[in-house]
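Take a look at the structure below.
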Number of protein chains: 2
Amino acid sequence: MKAKPKLEDVAKAAGVSPTTVSRVLNNRGAISDKTRKRVHDAVQRLNYHPNEIARSLFVSKTHLIGIIFPSTSQPFFGEMIAQIENLLFEKNYKVLICNTMDQADKEKNYLNMLLASQVDGVIIGTHSLGIDAYLQAQLPVIAIDRDATGTVTVVRSDHYQGGRMATEELLRQGRTRIVHVNGMHTRRSLSCSQQQKGYEDAMEAHGLPCKTYNIESSLDIRAKKQLLKTMIASHLNLEGIFLSDDITAAIALSIIRKMDRDIAVVGYDGTTTVTTCLPELTTIVQPIRAMAKLTVDLLLKEISNEFSGIKRNYVLPVTLKKGE
Amino acid sequence: MKAKPKLEDVAKAAGVSPTTVSRVLNNRGAISDKTRKRVHDAVQRLNYHPNEIARSLFVSKTHLIGIIFPSTSQPFFGEMIAQIENLLFEKNYKVLICNTMDQADKEKNYLNMLLASQVDGVIIGTHSLGIDAYLQAQLPVIAIDRDATGTVTVVRSDHYQGGRMATEELLRQGRTRIVHVNGMHTRRSLSCSQQQKGYEDAMEAHGLPCKTYNIESSLDIRAKKQLLKTMIASHLNLEGIFLSDDITAAIALSIIRKMDRDIAVVGYDGTTTVTTCLPELTTIVQPIRAMAKLTVDLLLKEISNEFSGIKRNYVLPVTLKKGE
DNA sequence: GTGAAAGCGCTAACAA
DNA sequence: TTGTTAGCGCTTTCAC
């Protein structure tokens, strides 16, 4: 196996200088058609591929974006990541992916890896690590769905409205004894409190009492199921549950069916995956595509140094999807 | 905003040579405790982070692995990618992710991007591009679930057994009029034909007639739903359907419920996501974790030049998960 | 329209 | 135990 050809090899093969080859490849300066052709032929002949690493080193830009999320295996993140990745690809950026699995130390390691890899920017969709760690990095950063007041640009959806709409949908169905299950706690500190506020305001507007249960996100499905089972069994006259993510809602739904109770459920996220598997689930849909688009746009602007100073929160509207 | 400190800056601050700093940071050679401390202090003080790009250029190894899959938004791939990423992280590799969205041209572009980025190896989970494109690259490659006879190492699960087990489960339930829906066609040419063979052999062993429908993977959910609806409506005495992925199976299940027909369904993949959302679905479970582990192990071995010549197929067993 | 030379930030021979 | 020097593969002044 022979070594990869380099610029110099192409230059020799084409009988020109390395500079000329570089110019042809990057379309810079004036080149005669004859030379251009000779160079292209040589590139073809040697099956030459430019070494992006060497290029990056010189121009100190890698076209690499690090994205940090809990895990691609959760539909919400999987779908978000797919969108982000597609948009970045169109703009010629490559994506370094980091699944933190909600472990702060892993996230910490990743951040260092990303910095060492000279990424041009970072998208954070996690909460384990303090935002300071990212600010220190002096890197363009956009956070998704994170509570970071003014220090970093944040894109999120309107969780207050989401909580409110979910609760109002249950009320509209004539349910009054409604509890809120706040799953995925560590994962989304902000969304949790906002959703809860929406739920509470909606309930109070009708003079109804509130009750929120918290279920740790780190728990596995078995454990969540057990907790939900106990909770539901202890509420003999429960009529509705609002759960802050669709997976937990799906678990609740199956428990309710098995217990043969009449309890309405509203979930949260509205991913394509879950709504396809469970079209009967009523849920609050986060605008994943729009969030991804905005995030990427903002990040690329920050990278190109527009809007550098302005850190603000962008809040996108959610919608209700009624179960079939 | 001051420029990032480099090795030289640290050297100056510590009053030593760049070489010494490099040695301290990489734990090479013998260094006096005093110097070591001085260097570490300087690193701390300047908040220095080594430039991995420069290092990569020198050692011509990037610790970057490219992984090419249709999309993180599909649970099977999302879960597979999360596993792969975790295992690679443990071995100090970073992951460049590529969602091809089943578009051959995008995959082609990605491959070139990966080559230019000097990745140390590639994992392919797609079928759009011919395997030749990858072989040409002269790069360590492992393919997942792909039909590539002898030219590249392949990891997959036993789709023949999967098809057989699925069909036999339906037969065990007393169903005899069973059709096979081969979804996700382009996505997995190999698995399709193997599953079908398993289905056919199981049916023929009982002297029953076979019928396989193909549904293009590129279709959206609406279209798939329509096709399935028509298909089911046209079979007045259908008793069972084996579908080659869980998402399509979920769609079928909801149609059947709405039509109030008595048709048993068996799906394929058995992802955590779908089995959580739809615990009542009977499905064939692919050993995602084991596949990821084997794939990563094989790739790292190829990268370190062990087993370089041996390209073979590794087939892992599937299991049946009965619906609740 | 083209080339020679310097250097991006790092590491590894080779000296001392 | 430490420093000097050269060079990884590329791009870009500056000169012709």
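Based on C-alpha pairs under 8 angstrom that are at least 6 apart in sequence, segment B:7-50 has a relative contact order of 44 percent. By accessible area, using a 1.4 Å probe on protein heavy atoms only, chain A has 51% of its surface on carbon and sulfur.
Computed from Cα positions, the angle between helix B:75-90 and the longest principal axis of chain B comes to roughly 30 degrees. In straight-distance terms, cross-link reach from B:Lys34 covers every one of the lysines whose alpha-carbon lies under 30 Å from its own, apart from those fewer than eight places away in the same chain; here that gives A:Lys108, B:Lys2, B:Lys4, B:Lys6, B:Lys12.
Positive-end ranking of A:Ser234, A:Val285, A:Phe76 along the dipole of chain A, with charges on Cβ about the Cα centre, is headed by A:Phe76.
Under the definition of Cα pairs under 8 Å and six or more residues apart, what whole-number percent is the relative contact order of chain A?
On the way: 554 pairs, mean separation 54.3, N = 324.
The normalised contact order for chain A reaches 17 percent.
Bridge orientation summary for chain A: considering DSSP beta bridges with both residues in this region, about 10 percent are antiparallel.
In chain A, the calculated helix contribution to ellipticity at 222 nm averages -14500 deg cm²/dmol per residue, counting -39,500 (n - 2.57) for every DSSP H run with n ≥ 4.
Take A:Leu316, move 7 Å from Cα toward the beta carbon, and the resulting point lies 3.4 nm from the same point in each other copy, nearest first. Within the protein assembly as shown, DSSP assigns beta bridges of which about 10% are antiparallel (rounded to the nearest 5).
The stretch between B:Asp132 and B:Asp260 holds 41.2 nm of extra length on full extension. This uses 0.36 nm per residue minus the Cα-Cα distance.
Taking the Cβ of B:Thr62 as the centre, find all other residues whose Cβ is under 15 Å away and add up their charges (Lys, Arg: +1; Asp, Glu: -1). The partial results should precede the final answer.
On the way: positive: A:Lys4, A:Arg55, A:Lys94, B:Arg55, B:Lys61, B:Lys91, B:Lys94; negative: A:Glu52, B:Glu52, B:Asp120.
With Lys, Arg at +1 and Asp, Glu at -1, the net is +4.
The label point for A:Ser60 and the one for B:Thr19, both projected 7 Å from the Cα toward the Cβ, are 2.6 nm apart.
Interface between chains B and A: roughly 5000 Å² of accessible area buried, both sides summed (probe 1.4 Å, protein heavy atoms only).
Spacing of the modelled spin labels on A:Ser193 and B:Glu8, each 7 Å from Cα toward Cβ, amounts to 4.8 nm. For segment B:159-285, the square roots of the Cα gyration tensor eigenvalues, ordered a ≥ b ≥ c, give a/c below 1.5, which places it in the rounded category.
When all protein chains stay in place and ligands, DNA and RNA are ignored, the 1.4 Å accessible-area order of A:Ser117, A:Ser218, B:Ser304, largest first, is A:Ser218, B:Ser304, A:Ser117. Taking 4.7 Å between C-beta atoms as the pairing limit, the protein assembly as shown has these partnerless cysteines: A:Cys98, A:Cys192, A:Cys210, B:Cys98, B:Cys192, B:Cys210.
Straight-line cross-link partners of B:Lys321 among the lysines, defined as a Cα under 25 Å from its Cα and at least 8 positions apart when in the same chain: A:Lys224, A:Lys225, A:Lys229, A:Lys258, B:Lys197, B:Lys211, B:Lys224, B:Lys225, B:Lys258, B:Lys293.
Given Cβ point charges of +1 (Lys, Arg) and -1 (Asp, Glu) and nothing else, what value in debye, to the nearest 20, does the dipole of the protein assembly as shown about its Cα centre take?
Details: 82 positive and 68 negative charges, 385 e Å.
So the dipole magnitude of the protein assembly as shown works out to roughly 1860 debye.
Assign unit charges at the C-beta atoms only (+1 for Lys and Arg, -1 for Asp and Glu), then state the dipole size of segment A:1-104 relative to its Cα centre in Debye, rounded to the nearest 20.
Details: 15 positive and 9 negative charges, 177 e Å.
Here the size comes out at about 840 debye.
Anyone know which of A:Gly121, A:Gly78, A:Gly163 comes out most mobile in the 10 Å Cα GNM of chain A? Among A:Gly121, A:Gly78, A:Gly163, the largest mean-square fluctuation in the Gaussian network model of chain A belongs to A:Gly78.
Note on B:Glu324 and A:Asn214: their simple-model spin labels are 2.6 nm apart, each label 7 Å out from Cα toward Cβ.
For chain A, the longest principal axis of the Cα atoms and the long axis of helix A:159-172 meet at an angle of about 40 degrees.
Counting only C-alpha contacts under 8 Å and six or more residues apart, can you give the relative contact order of segment B:159-285 as a whole percent?
On the way: 213 pairs, mean separation 35.7, N = 127.
Taking the mean separation of contacting Cα pairs over the length of segment B:159-285, I get 28 percent.
Rounded, prolate or oblate: pick one for segment B:19-120, where a ≥ b ≥ c are the square roots of the eigenvalues of its C-alpha gyration tensor, a/c under 1.5 means rounded, and failing that, prolate if a/b is larger than b/c, else oblate. Prolate, because a/c is 1.5 or more and a/b exceeds b/c. Using the Cβ-Cβ distance between B:Ala290 and A:Asp105 with R0 = 25 Å, the FRET efficiency computed as 1/(1 + (r/R0)^6) comes to roughly 0.45. Give, as ranges by residue number, the residues of segment B:1-37 whose backbone N falls under 13 Å from the point 7 Å along Cα→Cβ of B:Asn47. Zone members listed by number: B:1-5. Largest GNM mean-square fluctuation among B:Lys258, B:Lys108, B:Lys91, using chain B with Cα springs under 10 Å: B:Lys258. Counted residue by residue at 0.36 nm each, then reduced by the alpha carbon distance between them, the extension gain from A:Gln226 to A:Ile310 reaches 25.7 nm. Distances between copies of A:Asn26, taken at a point 7 Å out from Cα along the Cα→Cβ vector and listed shortest first: 2.7 nm.
How big is the dipole moment of segment B:200-264 about its Cα centre under a simple scheme where the beta carbon of each Lys and Arg is +1, that of each Asp and Glu is -1, and everything else is neutral? Debye, nearest 20, please. Intermediate values should be presented prior to the final figure.
Numbers: 8 positive and 10 negative charges, 96 e Å.
Value, rounded to 20: 460 debye.
Rounded, prolate or oblate, given the Cα gyration tensor of the protein assembly as shown, with a/c below 1.5 counting as rounded? Oblate, since a/c reaches 1.5 and b/c is not below a/b.
Averaged over its residues, segment B:92-200 has an accessible area of 32 Å² per residue, based on protein heavy atoms and a 1.4 Å probe. Treating cross-link reach as a plain straight distance, find the aspartates and glutamates whose alpha-carbon is under 16 Å from the alpha-carbon of A:Lys311, omitting any fewer than eight places away in the same chain. The qualifying aspartates and glutamates are A:Asp132, A:Asp145, A:Asp147, A:Asp297, A:Glu302. In the assembly of identical copies, B:Lys108 has its label point, taken 7 Å from Cα in the direction of the beta carbon, separated from the corresponding points by 4.7 nm (ascending, one decimal).
What is the helix-to-structure angle for B:33-46, meaning the angle in degrees between its Cα long axis and the longest Cα principal axis of chain B, kept from 0 to 90 and rounded to the nearest 10? Helix B:33-46 and the main axis of chain B meet at about 70 degrees. In the elastic network of chain A, a GNM with C-alpha springs shorter than 10 Å, the most mobile of A:Val43, A:Val95, A:Val265 is A:Val43.
The values are calculated or read from the model by the stated rules, or taken from the named source; none is laboratory data. As the structure is a computational prediction, the values presented were derived from the model and not from experiment. In this analysis, Cβ positions are derived from the backbone assuming ideal geometry, glycine residues included, and neighbour counts consider all displayed protein chains. SASA here: full protein model, heavy atoms, side chains in, ligands and nucleic acids out. Shrake-Rupley method; radii C 1.70, N 1.55, O 1.52, S 1.80 Å.
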